[in-house]
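The values are calculated or read from the model by the stated rules, or taken from the named source; none is laboratory data. Note that the structure is predicted; figures quoted are calculated from it, not measured. Glycine also receives a Cβ, built like all others from the backbone with ideal geometry; neighbour counts cover every protein chain displayed. Quick note on the areas: whole protein, heavy atoms, side chains included, nothing else; ligands and nucleic acids left out. Shrake-Rupley method; radii C 1.70, N 1.55, O 1.52, S 1.80 Å.
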Amino acid sequence: MERPTPTLDYRRKNKKRGGTSLWQDAFRRFIKNKYAILGLVILTFMILFAFIGPYFSPHQDVPDVTKANQPPSKEHWLGTDNLGRDVLLRLMLAGRISLTVGIAATLILLLIGVSLGAISGYYGGWVDVIIMRIADIIYAMPGLPILIVMGAIMSDLKIPPAHRIYYVMFILGIISWVGVARLVRSQILSLKEQEFMLATEVLGLRDSKKIIKHLFPNVLPTVIVAGTLGVASSIISESALSFLGLGVVPPTPSWGYMLSAANNMIDFAKRPWLWIPPGVAIMLTVLAINFVGDALRDAFDPRQKI
Amino acid sequence: MARNIVEFRNLKTYFYTEEGVVKAVNDVSFSIREGETVCVVGESGCGKSVTALSLMRLIQSPPGKIVGGEIIFDGRDILKLSDAEMRRIRGNEIGMIFQEPMTSLNPVLTIGDQLMEPLMLHKHMTKKEAWNKAIELIKQVGIPRAEQIMTSYPHELSGGMRQRIMIAMAISCDPKLLIADEPTTALDVTIQAQILDLLRRLKEEKKMALMLITHDLGIVAEMADYVVVMYAGKVIEEAPVRELFKNPKHPYTRGLLKAKPVIGRRQERLYTIPGQVPNPIDLGDFCYFSDRCEYTMDVCRKKMPPFVADENGHKVACWLYEGEWKK
């Protein structure tokens, strides 16, 4: 009987990338997940749609009242709004804002959450107590009222519309780092009792090195998952904020703002092209990000082999 | 005579628990000379590991605390050094390996990353120098395909290989002392023998002293130059290895030696020392072995026996020999 030759070739191929690491296993599991691929495709489409799309639009994002409130046609695929602007173009431009806010707010919340969580978990004692009590306080405050208050303060301070978007990112980041901090802290708490951490102690490594080089890679999978899901919730928060008129300010579009602009009986009953597209865009993006996040969580779970 | 590399002087490490004070290491004194292998023997919980961790100053505090004594390492009192000075000693002048090779390596970093780390930190090597040195180390501890191992992750290696990597890490900076805390307990017997051979060979090559913590008397007979027997946080007997095996003095040591299976002799049951290790909380001032000892006398339950040496340098803490020595 002919038997296949041993796996030498396979090993060599594998070795080029440095063995089957956690990352490769995760990647293999990830691409096997149909929902993940679907999510990734939608997400890629949305990013291209928002960032590249506007260059292909024949229209300008300027009001032209003579063309106001037209239903979808060959010239305006998704119709025009009450100021005669092309809804499709607006939708793409709004996507830029919404996606940027989502990603930037997530980066801020990860930066704060991961570092505070790691410090809190690693040092314990009073450092832990202080950080965690602050986290508790922020956690105990309902998010939406804080956002409304912050929005009102921004309006009061007459922050220029172009800058408002940065403040929105920052505020969203500030109020949502708590979950990540707790997650990271609890992981670090159990990781630092592992024997390999004692081994790093025995080698005489410094605390900063122990946290960054030895603990951080171990919590990275969790952080990635929390991060993806954070993008989704940030997009939703931004939409809610804009819908309430507290986020970005016209004429800058965002998906939430487009929804709120259609917030009257006539638009709602007679002009569905104004509010269905941004609603669908939000839903698709958030759904796609959640698919990817779930898949990442499964992929990084070492108990799920292959 | 070689000079002392480490000297424990009346070391006391206590743990303050809710139930009371656990004197895990209670007035322990012994020394390790340059290039010597000292085995610390005793059953679980007798303070062997705590002694080693005290030397590395890795006692978790709270609840642990080194309350008294001195540990002189290479002329310096370890207990008086600053944290930064201590970090320079750890991994550089004292290496340490643990019982559990499976969990002692960081699962998400490659072997190479972990091996190069102490070299770059303590020996200030560049990445390239450290890489070459690490490959040399892997070869030294007897693992083939060193380049491949460098880019592997811990879970791709067997237990024996991982323990070899741990040894390679511990000796990478040419320490003067290597502490091995039950290095072979988690490994099967053939790998045990290989690891012990490796330790002995490296010790000769690098002229390190070796502090070997074990409860396996077979390992002691094979490896040790000098043996320290601990019981309930105290050193109860110490002697050169031949002297100890030929002429064990303390009833506890005798019991340990008797409890060893002997090849060729069939026994229904192995000998066990009757009774239990005393509860370590709030022990009084008497011989802790007196409850289990077949030679117990009145004085054993009243006073702590002094630790005295006979003419061969064989030291023992037992009232049985106290009388003899006085005559």
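Divide the volume of the convex hull around the Cα atoms of region A:152-306 by the residue count and you get 151 Å³ per residue. Mean partner shielding of peptide B:266-275, defined as the number of other chain Cβ atoms within 10 Å of each residue Cβ, is 0. For chain A, the longest principal axis of the Cα atoms and the long axis of helix A:87-123 meet at an angle of about 30 degrees. Rounded to the nearest 20 debye, the dipole magnitude of chain A is 1120 debye, with +1 charges on Lys and Arg beta carbons, -1 on Asp and Glu beta carbons, and the Cα centre as origin. Considering only A:Leu157, A:Ile188, A:Ser239, the residue lying farthest towards the positive end of the dipole of chain A is A:Ile188, judged by Cα position with unit charges set on Cβ. Remark: the protein assembly as shown carries a charge dipole of roughly 1160 debye about the Cα centre, counting +1 on each Lys and Arg Cβ and -1 on each Asp and Glu Cβ. Kirkwood-type hydrodynamic radius, region B:103-172: 11.7 Å, calculated from all non-identical alpha-carbon pairs. Convex hull volume of the C-alpha atoms in chain B, normalised per residue: 159 Å³.
Per atom type, region B:103-172 shows carbon and sulfur on 57% of its accessible surface, probed at 1.4 Å.
Magnitude of the charge dipole for region B:103-172, about its Cα centre and with charges confined to Cβ atoms of Lys, Arg (+1) and Asp, Glu (-1), is about 140 debye.
Cβ-Cβ distance of B:Leu270 and B:Glu34, R₀ of 35 Å, FRET efficiency by 1/(1 + (r/R0)^6): the value works out to about 0.40. Given their separation in residues at 0.36 nm each and the Cα-Cα distance between them, A:Lys32 and A:Leu48 gain 3.4 nm when the chain is fully extended.
If you run the Gaussian network model on chain B, springs between alpha carbon atoms under 10 Å, then out of B:Gly160, B:Gly42, B:Gly255 the most flexible one is B:Gly255. Taking chain A as the reference, fit the longest principal axis to its C-alpha atoms, fit the long axis of helix A:177-191 to the helix C-alpha atoms, and give the angle between the two in degrees, 0 to 90, nearest 10. Orientation of helix A:177-191: about 10 degrees from the principal axis. Helix A:216-243 and the longest principal axis of the Cα set of chain A meet at an angle near 10°. Kirkwood radius and radius of gyration were both taken over the C-alpha atoms of chain A, and their ratio Rg/Rh is 1.08. Close Lys pairs in region B:171-270 (alpha-carbon distance under 20 Å; sequence gap of 8 or more, or different chains): 8. Scoring A:146-156, A:180-190 by mean Cβ neighbours within 10 Å over their residues and listing the highest first yields A:180-190, A:146-156.
Considering only beta bridges that DSSP places wholly inside the protein assembly as shown, some 65 percent are antiparallel.
Ranked from the most accessible area to the least, with a 1.4 Å probe and all protein chains present, what is the order of B:Cys293, B:Cys173? Walk me through the intermediate numbers first.
Details: B:Cys293 25, B:Cys173 0 Å².
Order by accessible area, largest first: B:Cys293, B:Cys173.
Computed from the Kirkwood radius of its Cα pairs, the Stokes-Einstein diffusion coefficient for the protein assembly as shown at 20 °C and 1.002 mPa s stands at 72 µm²/s. Largest to smallest in accessible area, the residues B:Ile263, B:Ile71, A:Ile130 fall in the order B:Ile263, A:Ile130, B:Ile71 (1.4 Å probe, all protein chains included).
Shown for region B:66-108: residues covered by the partner protein chains by 20 Å² or more of accessible area relative to the chain by itself (probe radius 1.4 Å), namely B:Arg87, B:Arg90, B:Gly91, B:Phe98, B:Thr103, B:Ser104, B:Asn106, B:Pro107, B:Val108. Placing a pseudo-label 7 Å from each Cα along the Cα-to-Cβ vector at B:Arg200 and B:Asp174 gives an inter-label distance of 2.5 nm. The A and B chains share an interface that buries close to 2500 Å² of accessible area, total over both sides, probe 1.4 Å.
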